[in-house]
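The values are calculated or read from the model by the stated rules, or taken from the named source; none is laboratory data. Small disclaimer: the values here were computed from a predicted structure and weren't measured. All Cβ positions, glycine included, derive from the backbone under ideal geometry; neighbour counts span all protein chains shown. To get the accessible areas, we keep the full protein, side chains included, count just its heavy atoms, and leave off ligands, DNA and RNA. Shrake-Rupley method; radii C 1.70, N 1.55, O 1.52, S 1.80 Å.
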Amino acid sequence: MKFNGKEIMMKSIENLFKNNRKWSEDITKKNPDFFSTLSKQQAPKYLWIGCADSRVPANEVVGLLPGELFVHRNVANVVVHSDLNCLSVMQYAIEVLKVEHVIVCGHYGCGGVIAALHDNRYGLIDNWLRHVKDVRERHGHHISLLKDQKQKEDCLCELNAIEQAINVCQTTIVQDAWLRGQNLNVHACIYGLQDGVLKDLGMSVSGLEEMNSNYLNALALEGIGVKDFTRLPRIVH
Ligand code: CO
């Protein structure tokens, strides 16, 4: 039998449709109203900003069901102030859905972070990873003191999550929410591919007044003192 291109493609993802039917049936068996209730509204408490890496599935990692986690993922969990995609997700999550927590989650062994650390070239994506190289350069002195490559990679994975979380804190969206008195907490954490364990990086910011001190605390946990860098987070108002 001769397949045209479309049929071949459908055939190759047939197993995904099968998986989907089973997943839908399993959930409906446990809770017959699950999908009908969920289809009417979503009220997640958390916004997850994570890496696009296939090994870090947001909901599974934190044991949350559909409807419980609003998610934005990109290569190396980068938060850039001109990225309308990420900003739109944040604005909708914070101002409309009123999530209470924004979690920036990095992961060890992140291909994007490692490429940025070693200046590996992959094409267009090198431009995106420029933002991670900015983190590398900001903390270049500290990273250069680390002995082996693995330590440097792990360190930059952690620092990238901290810096991207502080970028979240520096958006007008988050700072406006704090000025309105909205309950909103920004966290940085990191996920281990080797053991599936999520680690808190010691940065949970609940308001403008906590931004600088919590950033400094998180960097202190990395062994980075105030003398090692010159930039503190900025309040945009
Ligand atoms: Co990654």
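For T172, the accessible area of its heavy atoms, probed at 1.4 Å with every protein chain present, is near 80 square angstrom.
A Förster radius of 22 Å combined with the Cβ-Cβ distance from T172 to E100 puts the calculated FRET efficiency at roughly 0.70.
Please give the per residue accessible area of segment 48-195, computed with a probe of 1.4 Å over protein heavy atoms only, in Å². Let's see the in-between values first.
Values: 6300 Å² over 148 residues.
Each residue of segment 48-195 exposes 43 Å² on average to a 1.4 Å probe.
In this label model, Q182 and N127 are separated by 3.1 nm, measuring between points 7 Å along each Cα→Cβ vector.
With an 8 Å cut-off on Cα pairs and a minimum separation of 6 or more residues, tell me the relative contact order of segment 32-132 in percent. Let's see the in-between values first.
Details: 118 pairs, mean separation 32.4, N = 101.
Dividing the mean separation by the residue count of segment 32-132 yields 32 percent.
Counting only heavy atoms of the protein chains and using a 1.4 Å probe, D119 has close to 80 Å² of accessible surface.
The separation of segment 173-233 from segment 145-161, counted between C-alpha centres, amounts to 18 Å. Between I13 and E209, the simple spin-label model (points 7 angstrom out along Cα→Cβ) gives 5.1 nm. With the alpha-carbon atoms of the chain aligned to their principal axes, the span from lowest to highest coordinate is 66, 46, 32 Å, starting with the largest. Taking R180, R130 and ordering them by how much accessible surface each has at a 1.4 Å probe, largest first, produces R180, R130. Annotation: L198 carries an accessible surface of approximately 70 Å², with a 1.4 Å probe and no ligand, DNA or RNA atoms counted.
Rounded to the nearest 500, what is the chain's calculated 222 nm mean residue ellipticity when only DSSP H runs of at least 4 contribute -39500 (n - 2.57) each, over all residues? Taking each H run of at least 4 residues, the total per residue is -14000 deg cm²/dmol.
Given a 1.4 angstrom probe, I'd like the percentage of the accessible area of the chain that is carbon and sulfur, rounded to a whole number. Kindly include the intermediate steps, with their values, before the conclusion.
Values: 7140 of 12960 Å².
Roughly 55 percent, rounded to a whole number.
Straight-line cross-link reach from K40 at under 29 Å between alpha-carbon atoms covers these lysines, not counting any fewer than eight positions away in the same chain: K18, K22, K29, K30, K98.
Could you sort W178, W128, W48 by their accessible area in this structure, using a 1.4 Å probe and putting the largest first? Walk me through the numbers before you get to the answer.
Working: W178 25, W128 65, W48 0 Å².
So, going from the largest accessible area down, we get W128, W178, W48.
As a calculated quantity, the FRET efficiency between S54 and K22 at R0 = 22 Å, using C-beta atoms, amounts to about 0.65. In units of the rule-of-thumb radius 2.2 N^0.38 Å, segment 111-237 shows an alpha carbon radius of gyration of 1.10. Working note: Karplus 6.51/-1.76/1.60 with θ = phi - 60° gives segment 17-27 the couplings 5, 4, 4, 4, 4, 5, 4, 4, 5, 4, 5 Hz, where Gly and Pro are set to x. Note on V197 and L38: their simple-model spin labels are 3.0 nm apart, each label 7 Å out from Cα toward Cβ.
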